[in-house]
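J.: Before anything else, here's the structure in question.
The values are calculated or read from the model by the stated rules, or taken from the named source; none is laboratory data. The model shown is predicted, which means the values in this text are computed figures rather than measured ones. Heads up, the Cβs are rebuilt from the backbone with ideal geometry, glycines too, and the neighbour counts pull from every protein chain shown. Areas reflect the complete protein model, heavy atoms only, side chains present, ligands, DNA and RNA absent. Shrake-Rupley method; radii C 1.70, N 1.55, O 1.52, S 1.80 Å.
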Amino acid sequence: MGSFRYFCHSIMKKLIATALISFCSMVSIAQITVSFPMERQVFQRTGFNHTTNFQGDGVIQIAGNFESEYDSIMAMVEPRVVGQGTATSWQKIHTRNGKPYFKGSLSAKGGWYKLYVQSWNNGAITDTDTVQRVGIGEVFAIAGQSNAQGGDEAVAGPVALDDRVIAINYDNDTTTFNKLAIGFSKIDDDSSSIGSFHYVPWNWARLGDILADSLNVPILFYGTAHGGTSVIWWKQAALGEPLTGAPSYVREEIGAPYQALKVVLNFYISLTGLRAIIWHQGETDRFITPGNYRDNLNAIITESRTDSENASLAWLVCRVSYTGGQTYNGPWEGQNLVIDGDPNVFAGPDTDVLTSGTGHRETVQNVHFNYPGLFEFSRLLEIQINSTFLQNSTPCTAEEFMDVNFSCTPSNSPYTLSLTSALTSPNHKYAWSNRDNTDLEARGKSHSANYEFINYPPADYLRLNWEFDSTSSIMVGAGRYALNVIKPTSEKILFSPIIDLTSLTLPTNPSFTASATQVRPGDTLTLTGSNCNGTYLWSTTETGSSLLLTPASTASYTLACKTLHCQSNSTAPTEVVVSSCFSNPLSLTGNVNGTEAPYQSQQTIQSTQMVNQPSGNIQYTAVKSVLLNPGFKAENGALFQASISDCP
């Protein structure tokens, strides 16, 4: 960013259904930074109705950091393309609460948006940040074997033409969440991954184009299918059982083939939500009985609902058995048994109708879809999704970011800084991040039946290393931190916002002087602070290096120094007495132009004051003497009185 960043916008009211938004401001540095949502992140919407053409409501989870004080955060969205969503009004999503980050949520209709986030302080906009592309739409996870993951015959599949077709362009077969990158990309290259496990677009970019066009919302895919796998191995991996007869490319030691789906259900859907799992598998299980297939798939579905904490998680199960030019009854009938036996399992297309004879399969193994087959597979899926599936399935939505408590406790030196999870339980597991993964640590690796693929997260992805600490509370210094909490049973992960303390400034210890230690009622007093590298915070709650006040009664004053996230100890109190009776001798100068409180001394008074007409009015009282020195004058019409007496 250059030394200045300009935003030129002016806000106009909605005209019919279109909001035209713009605003003007100039700031020297970015004072707020939105960390979530990330560019191209898609949030699962909550509903859909074909009859009313209702796009569905959704919630965008927002979090970020700040470099200067604010009192509130506002947000709004406007469609990137007219007709691809509904603009919102500005909504307050957060009020300053002392934490070193902000978070909130914005409700909107399904659509593809530009997100604006503003900070406000004392009634004025202090900064604006934008996310250029963020969506509320449909999120699917793909599971099964090679005709879901992508075949081995060098058919990568078409890329997405619609800007709203999204995936994680990173795949990894790892069992540790520490290596998982967070980010979102358009599926715009035939080598684009569909994380967490797919290495080519296959048919999914094409399906995304069709759905984005028909539903008019963005589409996000998670790829978790594993080539050359049996429903039995999926079930065994899901339940943590030894795999029976699995080949070496199905890496049992890392939880394959179920692990990639578990990664999505435990890790990613907390950030985006999920509509359903699309299941396309059966080619390997030619000779399985229908009942055995049903039991294994039902066990996988049950485990997926535990992992996602969604007892009604929807599955769209395709009817699949075609292998080597033949179809088989066992898997096909088993899939129907699962569909018929669970109200939250829906019928996907029957892809056995796509054969080499219809021109939809490659002719080497006569198993995988060829290029025309990918298009036809996508068309059949779209028909099933757009029939009654969306109206009858219940999606799960993204989780709110969990809070982290920040403590900056001043002591002699240094300050004690800590972050503590607001979600504490002896059964939870904690993982803190204080740095990014290196290239070596972030390197992704995935497998099909015959190939191994290496990839790295794109430059704008988060690649957080979660190995800094595993307790609920940590000591910190300047740096960038984040927390995830793994819940018991499901092992689902909840995320904190990014906590950016890289510019953390600790406050200095201030001091101050008072213009007087005693004043009469009605007199003014000046307190002058020094040695504060932040905001001067007086015990009166006022701010500023100098404080002018008219105390009504005797009081003590203190001063603290506050930087953005920390506050120093207060100074020792200084008492200022409010009384006309002074214990020390008084030497008075200046003008008396109105009625003033009397001067009283338990010693002596000397004065060169001018008591001016017509309203000057003053009394002197001293125990020992009152001396009117040359220069003293009480004009005609003014009131002056002097006496020798004691004062209380």
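J.: Rounded to whole Å and ordered largest first, report the semi-axes of the equivalent ellipsoid of the stretch 569-624 derived from its Cα gyration tensor (root of 5λ).
T.: Those come to 26, 16, 10 Å.
J.: Amide H of Asp469: which non-local residues (sequence gap of 5 or more, or other chain) have their own amide H closer than 5 Å, using H built in the peptide plane?
T.: Correct list: Trp432.
J.: OK, next. Could you work out the relative contact order of the chain? I mean the mean sequence separation of Cα pairs under 8 Å and 6+ apart, divided by the number of residues, in percent.
T.: 10
J.: Report relative contact order for the stretch 67-120 in percent, whole number only (criteria: Cα-Cα under 8 Å, sequence separation at least 6).
T.: 49
J.: When the Karplus curve 6.51 cos²θ - 1.76 cosθ + 1.60 is applied with θ = phi - 60°, which whole-Hz ³J(HN,Hα) does each residue of the stretch 388-395 get, with x for Gly and Pro?
T.: Those phi angles translate into 10, 4, 5, 6, 9, 8, 10, x Hz.
J.: In whole percent, how big is the carbon plus sulfur part of the accessible area of the chain, probe 1.4 Å, protein atoms only?
T.: Exposed carbon and sulfur together represent 50 percent of the surface.
J.: Pull up all non-local amide H partners of Tyr199: gap of 5 or more, or a different chain, and H-to-H distance under 5 Å with H placed in the peptide plane.
T.: So Tyr199 has HN proximity to Ile194.
J.: May I ask you to evaluate 6.51 cos²θ - 1.76 cosθ + 1.60, the Karplus curve with θ = phi - 60°, for each residue of the stretch 65-81 and list the ³J(HN,Hα) values in order in whole Hz, giving x for glycine and proline?
T.: Once θ is set to phi - 60°, the couplings for the stretch 65-81 become 10, 9, 10, 8, 5, 8, 10, 7, 10, 10, 8, 7, 10, 9, x, 5, 10 Hz.
J.: Using C-alpha positions alone, give me the convex hull volume of the stretch 104-259 per residue in cubic angstrom.
T.: Here the figure is 148 Å³ per residue.
J.: Restricting to bridges with both residues inside the stretch 515-642, how much of the DSSP beta-bridge set is antiparallel, in percent to the nearest 5?
T.: 35
J.: List the residues, sorted by chain then number, that are 5 or more residues from Gly348 or on another chain and whose placed amide H is less than 5 Å from its amide H.
T.: It is Val317, Cys318, Arg319, by chain and number.
J.: List, largest first, the extents of the alpha carbons of the stretch 51-157 along their principal axes, each in whole Å.
T.: Rounded to whole Å, the extents work out to 62, 36, 20 Å.
J.: Could you report the stretch 199-319's accessible area per residue, 1.4 Å probe, as an integer in Å²?
T.: Accessible surface, normalised per residue, equals 26 Å².
J.: Let me ask you something else. Just the number please: accessible area per residue for the stretch 451-597, 1.4 Å probe, all protein chains included, in Å².
T.: 47
J.: Could I ask something else about it? Once ligands and nucleic acids are excluded and a 1.4 Å probe is used, how much of Phe184 is accessible, expressed in Å² to the nearest 10?
T.: Probe radius 1.4 Å; accessible area of Phe184 about 10 Å².
J.: May I pose another question? Take Met610, Met475 and sort them by solvent-accessible surface of the protein heavy atoms, 1.4 Å probe, largest at the top.
T.: Met475, Met610
J.: Would you compute, for the Cα atoms of the chain, the largest minus smallest coordinate along each principal axis and list the three values in descending order, in whole Å?
T.: That works out to 123, 54, 44 Å along the principal axes.
J.: Before anything else, pin down the relative contact order of the stretch 511-648: Cα pairs under 8 Å, at least 6 apart, normalised by residue count, whole percent.
T.: Relative contact order here is 17 percent.
J.: Okay, next question. Read phi for every residue in the stretch 208-224 and hand back ³J(HN,Hα) as whole Hz from Karplus 6.51 cos²θ - 1.76 cosθ + 1.60, θ = phi - 60°, with x for Gly and Pro.
T.: x, 4, 5, 5, 4, 6, 6, 9, 6, 9, x, 10, 10, 10, 10, x, 10
J.: Step through the table entries Lys186/Lys445; Lys103/Lys487; Lys262/Lys445; Lys92/Lys262; Lys235/Lys487, compare each Cα-Cα distance with 24 Å, and write down the pairs that go over it.
T.: Beyond 24 Å: Lys92/Lys262.
J.: Beyond 18 Å, what share of the Cα-Cα pairs of the stretch 228-316 remains, rounded to the nearest whole percent?
T.: 43
J.: Starting from the coordinates of the alpha-carbon atoms of the stretch 444-520, obtain the Kirkwood hydrodynamic radius over all distinct pairs and give the value in Å to one decimal.
T.: By the Kirkwood definition, the hydrodynamic radius is 18.2 Å.
J.: Moving to a separate point now. Can you give the local net charge around Val139? Use residues other than it whose beta-carbon is closer than 14 angstrom to its beta-carbon, Lys and Arg +1, Asp and Glu -1.
T.: +2
J.: For a bin width of 5 Å, list the pair-distance distribution of the stretch 288-405 built from all Cα-Cα distances, rounded to whole %.
T.: Distribution as computed: 2, 11, 17, 17, 17, 15, 10, 5, 3, 2, 1, 0, 0 percent.
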